[in-house]
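Derivation of every value follows stated rules applied to the coordinates shown; laboratory data play no part. This is a predicted model, so every value here is computed, not measured. Please note: Cβ atoms are built from the backbone with ideal geometry, for glycine as well, and neighbour counts cover all protein chains shown.
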Amino acid sequence: MATGWHCPTCGDRSGPEINLYRGGLFNAHSRRFDPRCLACGSRVTFHPDGCGAEPSAPALVITGSCAGGKTTLSYLLSKHHGFVQIDGDWVREDRKAEEHRPVDADELHPYLLTMTHGLATLGKPVALAHIVPPSLIPHYQASLTERRVAHRIVILMPQTQVLLARNETRICWPKTTPEHWVLKFHEDYLNAPDRIQGFFYDNSEETPDQTAATLARSMLGGTSRG
């Protein structure tokens, strides 16, 4: 059955014929997601219209402010719990290098959703880490539901002082994010409608390993399509 994945040189590809990552890490907690054909090394693409496979694995969309723990948790879910990590920060930096231009984070949403769908057709659970603004969360829900990808959206919302303290000590970037941006994104979520606030996850009192294990169990124990 066609998976929807295609190599420009070798044609249709299945899961065992695709290498999902480049070697090494982008930073301490980012695997370099870049699906390529194992036979020839060409970048493979996913085309939903050419897919005969039903999505069979869930997706966990992890969002929230800078320093909330998105990258670390998606990495731990990949390292210890069998998820494929798609880190929006890495994808953005990779695209900037390839296209030699500034890339806005909001440009990436269609690609991230398409890759999530494609991996689900291969039976690979996804941990997608990216800042998804409150206004776009319903779009993510609707898109994944339409694609029949079982999913959960988690907005990491540690207490403000915990968030700021983590920003000063996190190791996934060589320097801290300016406090203005950390608070700006955090307040955007705090001011979101009640429906969006229903996705909040306060990880203030948990270690990253504890949160990753809890989220992994939640996906294994049942997921939502909407």
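Quick rundown of the values:
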| read-out | value |
| --- | --- |
| Region 76-91 and region 170-221: distance between their alpha carbon centers, rounded to Å | 15 Å |
| Virtual spin-label span in nm between HIS80 and ASP104, 7 Å along Cα→Cβ | 3.8 nm |
| Long pairs among LYS70/LYS124; LYS79/LYS175; LYS70/LYS175, criterion Cα-Cα beyond 22 Å | LYS79/LYS175 |
| Where labels lie 7 Å past Cα in the beta-carbon direction, separation of ARG95 and HIS47 in nm | 2.1 nm |
| Under Karplus coefficients 6.51, -1.76 and 1.60, residue-wise ³J(HN,Hα) of region 141-152 in Hz, glycine/proline x | 4, 5, 5, 5, 5, 4, 7, 6, 9, 4, 7, 9 |
| Charged-residue dipole, Cβ positions (Lys, Arg, Asp, Glu), region 41-127 about Cα centre, Debye nearest 20 | 280 debye |
| Under 19 Å from LYS96, Cα to Cα: aspartates and glutamates that are on another chain or at least 8 residues apart | ASP34, ASP87, ASP104, ASP106, GLU107 |
| Built amide H within the under 5 Å cut-off of ASP34, gap 5+ | TYR21, ARG22 |
| Gain upon complete extension [GLN197, GLU146; 0.36 nm per residue less C-alpha separation] | 16.1 nm |
| Built amide H within the under 5 Å cut-off of SER204, gap 5+ | GLN159 |
| Cα shape, region 1-70, gyration tensor, a/c 1.5 rule | oblate |
| Nearest-20 debye value, the chain charge dipole, Cβ charges on Lys, Arg, Asp, Glu | 460 debye |
| Structure-based [θ]222 nm, the chain - -39500 (n - 2.57) summed over DSSP H runs of at least 4, per residue, nearest 500 | -11500 deg cm²/dmol |
| Candidates PRO133, PRO193, PRO208, ranked by Gaussian network fluctuation over the chain, Cα under 10 Å, top entry | PRO193 |
| Prolate/oblate/rounded call for region 55-95, Cα gyration tensor, a/c under 1.5 rounded | prolate |
| Phi to ³J(HN,Hα) by Karplus 6.51 cos²θ - 1.76 cosθ + 1.60 over region 207-217, Hz, x for Gly, Pro | 6, x, 4, 5, 5, 4, 5, 5, 5, 4, 5 |
| Label-to-label distance, nm, for residues given as LEU220 and VAL162 (7 Å Cα→Cβ offset) | 2.4 nm |
| ³J(HN,Hα) computed for each position of region 69-79 - Karplus, 6.51 cos²θ - 1.76 cosθ + 1.60, integer Hz, glycine/proline x | x, 4, 5, 4, 5, 5, 5, 5, 5, 6, 6 |
| 5 angstrom amide H check on ALA39, placed H, neighbours 5+ away | none |
